Amino acid sequence: MDQAIKDMLGVYGVTADTDRFLQSEQRMFVNGEFVAAGGNETIDVIEPATATHLTSVPSGTTEDVDGAVAAARFALRDGDWAKMKPAARERLLLKLADAIEQHAQTLGEIETIDNGKAIGPCIEMDILGGADLLRYMAGFATKLDGATRQVSIPGEHMAWTFREPVGVVGAIVPWNWPFNMAMWKMAAALAVGCTMVIKPAQQTSLSMLYFARLCQEVGLPPGVINIVTGRGSTIGDYLANHPDIDKVSFTGSTPVGRAVGEAAGRALSPVTLELGGKSPMVALDDADPKAIAAATRWSVYFNAGQVCSAGSRLYAHSSVYDDVIDELSQMTSAMKIAPGLDPDCDMGPVISDSARRSILSYIEQGKSEGAELIYGGNALDRDGFFIEPTLFAADDNNLSIVQEEIFGPVLVVLKFDSDEEAMRLANDNIYGLAGSIWTKDISRALRYSAQLEAGTVWINNHDIVDSNMPCGGFKQSGFGKDMGPEQLQHFTRTKAVWLTL
Ligand code: NAD
């Protein structure tokens, strides 16, 4: 750990547990054991607020993936997990959720240091939200059912269906919500009895490796959860193409999602793809400028804009446009940009130097394409991958900063004059993850919520999630749902049984 990180930890303070964990050698978790990568190679982990070396994680090999898949297969078919009754599985998952809650401070600190995000929302949403989802899904362990079907005259045949776990799940997750996105897959998959191989993003594996300790602590049988760290281009690709994986659940970018989907197509195995977005916020003529500015500021700058559903393009009716821009300028300029461990941090650094360079090049492109830069636009003159929250106004829906996912703290505001124009502009995008409509008129809100081409539509809010509501996109934002009862379908398969009497 570089001295700059030690100094930062000294300023903000972390639990002794966090400190011990960060100083310890990091190992993958396979078949209930902590192991080094087969090739003994490691990947450097760079802490985003100082841009210095934090630790190293094992760079898993294809043989490591094979070992993890074999362990998961054994646990599914022959281990204690396979014999565990649903009620016992539910109790175990509730115990795991309690352990997450008890270690929420440590998990939150590890996540914040690894990713750069603000500590308060991280503990509240990423970690405790993950524990809540696990509890919610645990309840379904005892509620899976099938149906009896009448297929003949009585006395000839009986027939019924039941749902069984789909099998060994390969879960590939991104770096923007490392713990939470893994939990979005794990909670449902475990509740129905699947076993898993999880591949965290190579930038942010630490919260999953700490979580593995909790799995051991509560007595999750070996092989149920396996965590293999390493690069997407090698082990991620290998896992997505693995012949002994029954289902892949992927969250990440659309280009990688397309490759994962192609692999699933070749293998004829089911896949869920939670991909990128460029979510519109539409403020109609009666919207409250203060409320929409506050929601937009939160949505697009929270997590430094590295949010799949970030409201990164805001369409404001000409009658509220100036007020919305004024409010946004004031709110944006008052934000505190600081390391995520600072309790007052509004926005931390972005994940890496390459992410920052990509965001800055989008900002340059926006300027050269004719958008008006209203606030921000620069990297901060300090160590770490900090960048100013950036606000653009534009009048062309075809600009790259309006059409493409920047995945950084960049907002573009556009003006419209009629509801029809707003809906046309909002839907004119390859993505369809989420969107929001702002109005006091309930009829218009309901009409446009149906017209918006997005997997989630919020009315007078943006970015709310709940365990009981499915999340997942339309168009090039992918298919399938995480969370809500809908997700259970993705991790189970229906078997039809016939009995001749
Ligand atoms: P990414 O696609 O680069 O990586 C995601 C994961 O895939 C990582 O674990 C990575 O190592 C792995 N990977 C990379 N190449 C691979 C390959 N060839 N085969 C298999 N796996 C591979 O995405 P990212 O940069 O980590 O995350 C940001 C993206 O995730 C954004 O586009 C964001 O919108 C999206 N995202 C979507 C949701 C959602 O719910 N729809 C949620 C969070 C993030």
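Odds and ends about this structure:
- Ser449 meets all of the listed conditions (1) surrounded by fewer than 17 Cβ atoms within 10 Å (Cβ to Cβ); (2) of a type in the set (Ser, Thr, Tyr); (3) within 16 Å of the ligand (Cβ to nearest atom) but one, namely (3).
- Taking the criterion of being more than 22 Å from Thr296 (Cα to Cα), surrounded by 15 or more Cβ atoms within 10 Å (Cβ to Cβ) and among the polar types (S, T, N, Q), the residues of region 456-501 that qualify are Ser467, Gln476, Gln487, Gln489, Thr492.
- Residue that is surrounded by the most Cβ atoms within 10 Å (Cβ to Cβ) [pool: residues in region 415-442 that are touching a Lys or Arg at 6+ places or on another chain (Cβ under 7 Å) and in a strand (DSSP E or B)]: Tyr431
- Pairs where the first residue, in region 280-293, is part of a loop (DSSP other than H, G, I, E, B) and the second is of a type in the set (S, T, N, Q), C-beta under 6 Å, 6+ apart: Leu284/Thr439; Asp285/Ser319; Asp286/Thr439; Ala287/Thr439
- Selected residue (criterion: farthest from Ser279 (Cα to Cα)) from residues of region 452-469 that are within 11 Å of the ligand (Cβ to nearest atom) and part of a loop (DSSP other than H, G, I, E, B): Val465
- Region 120-152, subset closer than 23 Å to Leu220 by Cβ and among the charged types (D, E, K, R), residue surrounded by the fewest Cβ atoms within 10 Å (Cβ to Cβ): Lys143
- Qualifying residue in region 30-37 (condition: of a type in the set (D, E, K, R) and in a loop (DSSP other than H, G, I, E, B)): no
- Among the residues examined, Val169 qualifies as within 23 Å of Asp126 (Cα to Cα), within 16 Å of the ligand (Cβ to nearest atom), of a type in the set (A, V, I, L, M) and touching a Cys at 6+ places or on another chain (Cβ under 7 Å).
- Residues in region 112-125 that are more than 14 Å from Ser467 (Cβ to Cβ), touching a residue at least 40 places away in the same chain (Cβ under 8 Å) and in a helix (DSSP H, G or I): Thr112, Ile113, Asp114, Asn115, Ile119, Gly120, Pro121, Cys122.
- Verdict on Asn180 being within 30 Å of Ala51 (Cα to Cα), within 14 Å of the ligand (Cβ to nearest atom) and in a helix (DSSP H, G or I): yes
Here, each number is a calculation from the coordinates, and none is a lab measurement. Computed from a predicted model, the values in this text were never measured in an experiment. Heads up, the Cβs are rebuilt from the backbone with ideal geometry, glycines too, and the neighbour counts pull from every protein chain shown.
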